[in-house]
Amino acid sequence: MRPATGPDPVSARSQAPARPRPGWLRAIDKLSDVCGVTAALMILVSVLITCQMIWVRSVQGGSTVWQTELVVYMMIGATCLGLPYVQRVRGHVNVDLLPMMLPPGVRRVLALIVLAVGMGVVGVMLFYSAELWYVAFDRGWKSETIWGPPIWIPYFALPLGFGLYLLQMAADLFSVAAGHDKPFTTEICD
């Protein structure tokens, strides 16, 4: 057992707060927050529509035409629009046992590599989702259901979500590189 002589300078240095984020990074964070609120509202509306659909089918004995399809589209949209918010609050699943055992410099380099590779993957997803959206828009595709909405409308959530996710990842990459955020922590500076 160590004597209580004050804080350990090594652990105090590793726990020192990161530099505050500049205004443009905070603006990206706010945009990601708006995406998170929008995604949550879309989920809430989906739940309410599902309840309405159950009421119409079970109690009133009626049929539903648009509810199931709209709920599916809204859940996909909520998932895509929620990506930047989850990245901002570091809510994605990660295993950080190994990175936390590394020295701070190596941990920072690893975080930069992981963010850069992740941005590459998200960039590919953005490209192909934008292409899918454009083809659906250009060819006037409609859903093959009775309701038949234009399919480009729900498809637009894909490139929008991946684009905003890529923007948040780029902001995080800059923040770690510039020392505004610590790598592999849930600590976020305002």
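The values are calculated or read from the model by the stated rules, or taken from the named source; none is laboratory data. All of these numbers come straight from a predicted model, not from anything done at the bench. In this analysis, Cβ positions are derived from the backbone assuming ideal geometry, glycine residues included, and neighbour counts consider all displayed protein chains. To get the accessible areas, we keep the full protein, side chains included, count just its heavy atoms, and leave off ligands, DNA and RNA. Shrake-Rupley method; radii C 1.70, N 1.55, O 1.52, S 1.80 Å.
Here's the yes/no breakdown for (1) more than 20 Å from residue 79 (Cβ to Cβ); (2) polar (S, T, N, Q); (3) touching a Gly at 6+ places or on another chain (Cβ under 9 Å):
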| residue | (1), (2), (3) |
| --- | --- |
| 128 | no, no, no |
| 131 | no, no, no |
| 141 | yes, no, no |
| 150 | yes, no, yes |
| 156 | no, no, yes |
| 163 | no, no, no |
| 177 | yes, no, no |
| 184 | yes, no, no |
Practice task
Look at residue 105 and say whether it is modelled with pLDDT under 90 and loosely packed, with under 12 Cβ neighbours inside 10 Å.
Solution key: yes
Handout entry: Candidate set: the stretch 32-55, residues that are out of contact with any helix residue (DSSP H, G or I) (no Cβ under 7 Å at 6 or more places or on another chain) and of a type in the set (A, V, I, L, M); chosen: the one least open to solvent (accessible area, probe 1.4 Å)
Key = 40
Exercise for the section: Taking the options 144, 131, name whichever one is over 17 Å from the mean Cα position of the chain (by Cα), acidic (Asp, Glu), open to solvent by 80 Å² or more (accessible area, probe 1.4 Å) and modelled with pLDDT under 95. Expected result: 144
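Among the residues in the stretch 163-172, are any open to solvent by 20 Å² or more (accessible area, probe 1.4 Å), modelled with pLDDT of 95 or more and over 16 Å from residue 89 (Cα atoms)? Walk me through it before giving the result.
The first filter runs over the stretch 163-172 and keeps only residues open to solvent by 20 Å² or more (accessible area, probe 1.4 Å), leaving 163-167, 170.
With modelled with pLDDT of 95 or more added as a condition, the list becomes 163-167, 170.
Filter again for over 16 Å from residue 89 (Cα atoms), leaving 163.
Yes, there is a match, as at least one residue in the stretch 163-172 is open to solvent by 20 Å² or more (accessible area, probe 1.4 Å), modelled with pLDDT of 95 or more and over 16 Å from residue 89 (Cα atoms).
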Exercise for the section: State all residues of the stretch 61-87 that are closer than 14 Å to residue 40 by Cα and within 11 Å of the chain's Cα centre (by Cα); if no residue qualifies, say none. Expected result: 78, 79, 80, 81, 82, 83, 84, 85, 86
Exercise for the section: Output the qualifying pairs, or none if there are none: Cβ atoms under 9 angstrom, residues six or more apart or on different chains, first residue in the stretch 144-156 and among the small types (Gly, Ala, Ser), second residue open to solvent by 90 Å² or more (accessible area, probe 1.4 Å) and at pLDDT 90 or above. Expected result: 148/142
